[in-house]
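A quick write-up on the structure given underneath.
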Amino acid sequence: AQWVREAPVPTAQSVKGVAAPTPGHLIVVTDDNPFDDAGALHESTDGGQTWTTRDEPNSPDSGFNGVTFFDATHGWLYG
């Protein structure tokens, strides 16, 4: 098997975590950027064809380090 680069990539920030809670449902979390000291959370429900930047429930003091899901609706976003 070979890795293939997919586009569009939802961000130019450093990707720190990727999770797929269900087939086609993707979550990408990023490190902070030079404009603010917070990471970002991006979600795709169509296998990565389109992305939506989601609000985080709490404003972090730094970027995110990863994301993991236990099932289709329960997971952890950590930083």
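Points worth noting:
- Which numbered condition Val67 fails, given (1) assigned to a loop (DSSP other than H, G, I, E, B); (2) at pLDDT 90 or above: (1)
- Within the range 5-19, restricting attention to residues that are small (Gly, Ala, Ser) and within 9 Å of the chain's Cα centre (by Cα), the residue that is modelled with the highest pLDDT is Ala19.
- Within the range 1-21, tally of residues that are touching a strand residue (DSSP E or B) at 6+ places or on another chain (Cβ under 9 Å) and more than 12 Å from Val67 (Cβ to Cβ): 6
The values are calculated or read from the model by the stated rules, or taken from the named source; none is laboratory data. As the structure is a computational prediction, the values presented were derived from the model and not from experiment. In this analysis, Cβ positions are derived from the backbone assuming ideal geometry, glycine residues included, and neighbour counts consider all displayed protein chains.
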